[in-house]
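Let me begin by presenting the structure, written as structure tokens, before commenting on it.
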Amino acid sequence: IPGILSAGEIPPPPPRSPARLRREILVRMLLQHPFLMGEASEEIAAIDFPEPELDRLRREILQVEVLQPGLDASGLRQHLERCGFGSTLDGLLSPSFDHAGFLAREGDEDAVRQGWLHVLRMIREEVRSERATAAEALARDTSDATWERFLALDGRQTEEDVATAEFLSGGASEQDPR
């Protein structure tokens, strides 16, 4: 009977949250288009990754950019596999991960940047929504815990906005040499 587990059967894992999926997409984009690391390293560092395996992977990617700048996608993957990220990479780079075909498309660097900014905007909107919810909660309840949550989200938003502005201004100056 569909939906009912037999004895000894393990239930499937719960679906990934949309927020996690967006963070996974950003990491996959870095893996497939490492040039983004050089252009957006501060922005990447400012994003909150609550998933330990994604956070460790992101930190290693940032470290690689400092120690071995200019690696291509293959070189980056080989380095990360040697560092023990093989199973995480297999999951992120699996064809089944790319439901809409968005990540499989090869494009020029400008198209990749546009896709990056699109996903980044979605993450920013989520943070803004979390911040608004925290502000509403603070208006109803001025406990220390509510205040701390608001401050944490407020600070994160500011860092991410600054990083995004820097990324955009860097990209704009390259495209428009005026």
Practice task
Find the centroid of the Cα atoms in the range 19-44 and in the range 65-81, then give the distance between the two in whole Å.
Solution key: 13
Fill in the blank from the handout: Applied in sequence order to the range 113-126, the curve 6.51 cos²θ - 1.76 cosθ + 1.60 (Karplus, θ = phi - 60°) yields integer Hz couplings, x standing for Gly and Pro, of 4, 5, x, 4, 5, 4, 5, 4, 4, 5, 5, 4, 4, 4
Fill in the blank from the handout: In the range 1-74, taking the dipole from +1 charges on Lys and Arg beta carbons and -1 charges on Asp and Glu beta carbons about the Cα centre, the listed residue (PRO14, PRO69, MET37) farthest towards the positive end is PRO14
Practice task
Please give the length that would be gained between ARG121 and ALA145 if that part of the chain were fully extended, namely 0.36 nm times their separation in residues minus their C-alpha to C-alpha distance (nm, one decimal).
Solution key: 5.8 nm
Exercise for the section: Please work out how much accessible surface SER143 shows to a 1.4 Å probe, ignoring ligands, DNA and RNA, in Å² rounded to 10. Expected result: 40
Completion exercise
If the label point sits 7 Å along Cα→Cβ of THR133, residues of the range 38-62 with amide N under 18 Å come out as 48-51
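The values are calculated or read from the model by the stated rules, or taken from the named source; none is laboratory data. The structure displayed is predicted, hence computed values, not measured ones. Ideal geometry is used to build each Cβ from the backbone, glycine not excepted, and the neighbour counts take in all protein chains shown. For the accessible areas, the whole protein counts, side chains as well, though only heavy atoms, and no ligand, DNA or RNA atoms are used. Shrake-Rupley method; radii C 1.70, N 1.55, O 1.52, S 1.80 Å.
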